[in-house]
Structures are given as structure tokens and as C-alpha cells.
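Read the structure below first, then the notes.
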Amino acid sequence: MARVTDYEVKEILDTDIDTTPFIIAANLIVTDILGTSDLDDDLLKEIERWLAAHLASVRDQQPARERIGDAEVYYRGRTGLGLNATLYGQQVMMLDTTGAMSNIGKKKVMFNSIDLSLDDNY
């Protein structure tokens, strides 16, 4: 069951879209990644709220300012990929003191080394 409501997400995200699908996704992700962590329920709720806002804003990016002449649009803040793509996602990473949310989508890689040196007896 979701920890947040559409109203609570819209307290931090200025949008007219229904955020319920993003809340559902955020709930599944937070429960899967942080559900067994030592984080308290209030913090999990905040992480879920900011993650839902992140997911919704990726779909419906809001410009910080627009210009009619030459049709320029500027978006808020510096962003990147993953949770860095929005200021809401960056807040998710700040709220998650375990660091687990920062690793979403990153693949673990293992390297094995072998000794290929030749000795004189070969």
C-alpha cells in the first residue's frame, strides 16, 4: 500500500496530472530497495513522495522560464541521468541515508585477473 497520496505529492510538485501511477511505481521501488532498511516510516514516506515527484516530473518536465520570441525554454537546475535527472530525484538521494537509492540502475561488475606472465621453465 502506498505511503503517500496524490495530494501529498502535489504539495511539492506543481502539476495537474494524476500522480497515482508514479506513486505506485515509487512505492514498489522504495519497498523493494529500502523496505528492510533501518529507516523509519516517516523517512520512507518522504523518500516515496520525492521519488513519485521525480517520476512524474521526468514525464512532465516543467520549465523554469519560457520565452515567446525565438521560443526558448529553460529547465530548473543542473540535472543528469537517473535520480540526478531532476531536483526531486536529487532530494531522494539526500534523504536516503543508506545510499541504496543512489545505486538504482547501476550494474555490479566483477573482474577476475589471471597471471599471464611466462616463467623461464615454459
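The values are calculated or read from the model by the stated rules, or taken from the named source; none is laboratory data. No experiment lies behind these values; they were computed from the predicted model shown. Positions of Cβ are backbone-derived with ideal geometry, glycine not excepted, and every protein chain shown enters the neighbour counts. When the accessible area is computed, the model is the full protein with side chains, heavy atoms only, and any ligands, DNA or RNA have been set aside. Shrake-Rupley method; radii C 1.70, N 1.55, O 1.52, S 1.80 Å.
Accessible surface for Thr20 stands near 60 Å², nearest 10, in the context of the full protein assembly shown (1.4 Å probe). If R0 equals 35 Å, the separation of the Cβ atoms of Asp18 and Ala100 corresponds to a calculated FRET efficiency of about 0.80. With each label modelled as a point 7 angstrom along the Cα→C-beta vector, the Leu81-Lys45 pair spans 3.5 nm.
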